[in-house]
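Student: Encoded as structure tokens, here's the structure I'll be asking about.
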Amino acid sequence: MARVRPLSGYPEWTPAERVVESQLIESLRETFRLHGFAEIETRAVEPLDRLAGKSDAAKEIYTLGRLGAEPDAESKVGLHFDLTVPFARYVEEFQHALAFPFKRFQIQKVWRGERPQEGRYREFYQADIDVVGRESLPAHLEVEVAVVMARALAALPVPAATMRVNNRRLVEGFYRGVGIDDVAGALRSVDKLDKIGADGVRAELTGKGVSDTAADAVLELARISARDAGFVEAVEDLWATTPTIDDVDGPQAELREGLAQLVALVEGVNAAVPGTAIADLRIARGLDYYTGSVYETFLAGHEDLGSICSGGRYDSLVAGGGFPGVGMSIGVSRLVSRVIGADLARASRAVPTAVLVAVTDEATRATSNEVADALRARGIATEVAPAAAKFGKQIQYADRRGIPFVWFADSGEVKDIRSGDQVAADAASWEPPAEDARPRIVTD
RNA sequence: GUGGCUAUAGCUCAGGUGGUAGAGCACCUCGUUGUGGUCGAGGGGGUCGCGGGUUCAAGUCCCGUUAGCCACCCCA
């Protein structure tokens with residue numbers, strides 16, 4: 001038997017750490033439900049052709065096969081690497097049973113064969129919300145999903161989140177207006193701004209046939225950001241001073257539409273959770289299927305983690321069209337690993353137990369069991385000591401697990417082992433303080 | 001996929017130039033014989049990641065290999 005070794009990229013938690021993860025997930029569920037999102041769960045596997053269809057992520061897909069399969073048998077299924085692909089399939093398959101616009105949330109593990117490091121895993125939880133329409137989807141839903149996510153993050157024991165948002169219509173109108181035909185290509189270059197700098201981006205753009213003045217304008221646009229509608233004037237000014245194509249009416253209309261939507265987004269989110277949203281016209285997002293709002297979210301003081309929640313508006317979830325939607329995804333494991341690693345929050349105890357009933361001797365274990373059942377009958381998590389050891393040992397058993405109360409059936413007394421207070425109590429009516437009833441998350 | 005670093009007790013790590021493995025923490029017992037945490041004394045624990053080579057002798061030097069960590073790429 002080989003020694004057990006950690007497997008890189010597949011995080012596992014201690015019971016106390018798992019409490020933190022569970023409570024975070026439960027908090028997200030609660031916020032999503034509060035806003036009317038229905039939960040679904042999809043299977044872990046999808047047909048390979050459906051998974052691999054999307055871009056270059058194919059290399060990262062884990063395929064599934066049986067050890068007993070024929071040696072030359074091809075794998076037909078793989079583990080999903082996000083929740084959007086399975087959701088798209090699900091919507092297509094169950095459209096007869098769904099009511100549109102369909103608001104759903106989904107919190108599940110996904111798998112990617114990437115090189116792991118802190119905050120990057122091969123197996124991790126994502127929490128997705130999406131709203132999908134039939135044929136059309138009002139733009140205000142792009143505000144709604146961002147508001148829900150802003151609230152979901154605000155409810156977690158983490159520093160303030162900043163949601164950097166942009167709008168593809170705005171960018172597309174602007175780019176086309178200054179004479180750029182390959183908007184997607186230009187966006188991919190702008191996306192590298194942090195990495196290669198303004199000069200690098202300019203070089204890439206001109207290399208793709210973008211004129212010098214247009215490249216300058218694109219870089220100027222990327223410089224604009226604001227926490228309120230103030231960016232509109234900056235964009236309008238830039239637009240007014242930049243040479244545009246002759247037939248600019250279409251692009252200009254698209255630009256103005258995008259501007260209005262971005263204003264609504266920033267103001268909407270900031271009304272819900274003040275200070276969260278910031279319009280940042282450099283936010284591009286590499287994925288080219290986004291057509292409206294795009295979002296990236298960072299935690300104050302933890303920007304090195306990268307985006308912990310991102311997404312955007314897309315024209316259709318399903319190939320062939322007809323299902324426009326907007327969605328965002330939280331990297332739950334990335335978040336949890338930082339919360340635990342940086343000790344932003346911890347569990348009040350590792351076990352659910354609120355009361356340990358001591359056992360005086362094995363002959364009277366039944367009495368202790370009766371006390372335990374009386375407490376359990378009223379929803380109080382209780383366990384009975386495993387051995388009739390010295391009371392000191394039994395108290396130590398509770399202390400090591402963070403169990404706050406020890407019950408002595410003989411004397412009918414319950415002791416709060418943190419304070420040492422011991423009082424007479426009736427198992428039929430005694431209640432622990434509400435905050436001790438179950439493990440909870442505590443912060444400093 | 002590319003590059004750098006690392007691998008010794010359950011955990012964190014010491015072990016100049018080769019000479020038969022150590023500390024702290026954790027764990028168990030006792031002091032304290034049925035009310036814990038402190039303190040003191042004692043104790044159990046190691047194929048030194050794995051394989052090969054050099055040598056009288058390898059945790060230590062060399063080669064290979066596996067795994068982990070970090071960075072790049074990409075993303076949650």
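Student: List, please: which pairs have Cβ atoms under 7 Å, are six or more places apart or on different chains, and start with a residue in the range A:6-34 that is closer than 19 Å to residue A:442 by Cα and end with one that is open to solvent by 30 Å² or more (accessible area, probe 1.4 Å) and assigned to a helix (DSSP H, G or I)?
Tutor: Cβ pairs passing all conditions: A:17/A:340; A:20/A:340.
Student: Of the residues that make up the range A:313-325, is at least one out of contact with any strand residue (DSSP E or B) (no Cβ under 8 Å at 6 or more places or on another chain) and closer than 16 Å to residue A:104 by Cβ?
Tutor: yes
Student: Sort out which residues of the range A:407-416 are surrounded by 17 or more Cβ atoms within 10 Å (Cβ to Cβ), within 17 Å of residue A:388 (Cα to Cα) and within 7 Å of RNA strand B (Cβ to nearest atom), and write them in order of number.
Tutor: A:408, the sole residue that qualifies.
Student: For the range A:167-210, enumerate the residues that are within 28 Å of the chain's Cα centre (by Cα), among the basic types (Lys, Arg) and not in a helix (DSSP H, G or I).
Tutor: Scanning the range A:167-210 gives a single hit, A:192.
Student: If residue A:256 meets every condition in (1) among the basic types (Lys, Arg); (2) more than 20 Å from the chain's Cα centre (by Cα); (3) crowded, with 22+ Cβ neighbours inside 10 Å apart from one, which number is that one?
Tutor: Every listed condition holds for residue A:256 apart from (3).
Student: Exactly one of these conditions fails for residue A:361: (1) over 30 Å from residue A:24 (Cβ atoms); (2) open to solvent by 80 Å² or more (accessible area, probe 1.4 Å); (3) within 9 Å of RNA strand B (Cβ to nearest atom); (4) acidic (Asp, Glu). Give me its number.
Tutor: All conditions pass for residue A:361, except number (2).
Student: Within the range A:1-114, which helices (runs of 4 or more DSSP H) (wholly inside it) include 2 or more residues that are over 21 Å from the mean Cα position of the chain (by Cα) and either within 14 Å of RNA strand B (Cβ to nearest atom) or modelled with pLDDT of 90 or more (or both)?
Tutor: On the way: elements: A:15-34, A:48-52, A:84-94.
Hits in the range A:1-114: A:84-94.
Student: From the list A:367, A:382, pick out the single residue that is among the polar types (S, T, N, Q) and closer than 24 Å to residue A:17 by Cα.
Tutor: A:382
Student: Take the range A:377-402 and flag every residue that is open to solvent by less than 20 Å² (accessible area, probe 1.4 Å), within 9 Å of RNA strand B (Cβ to nearest atom) and either within 40 Å of the chain's Cα centre (by Cα) or aromatic (Phe, Trp, Tyr) (or both).
Tutor: Those that are open to solvent by less than 20 Å² (accessible area, probe 1.4 Å), within 9 Å of RNA strand B (Cβ to nearest atom) and either within 40 Å of the chain's Cα centre (by Cα) or aromatic (Phe, Trp, Tyr) (or both): A:385, A:398.
Student: A further question follows. Filter the range A:149-188 down to the residues that are touching a residue at least 40 places away in the same chain (Cβ under 8 Å), open to solvent by 10 Å² or more (accessible area, probe 1.4 Å) and farther than 30 Å from residue A:339 by Cα and list them by number.
Tutor: A:168, A:169, A:172, A:176, A:178, A:179, A:184, A:187, A:188
Student: Just checking, how many residues over the range A:143-162 are modelled with pLDDT under 95 and part of a helix (DSSP H, G or I)?
Tutor: 0
The values are calculated or read from the model by the stated rules, or taken from the named source; none is laboratory data. Please read all numbers here as calculations on a predicted model, not as lab measurements. Every residue, glycine among them, receives a Cβ derived from its backbone with ideal geometry; neighbour counts consider all protein chains shown. Ligands, DNA and RNA are stripped out before the accessible areas are found, and what is left, the full protein with its side chains, is counted by its heavy atoms. Shrake-Rupley method; radii C 1.70, N 1.55, O 1.52, S 1.80 Å.
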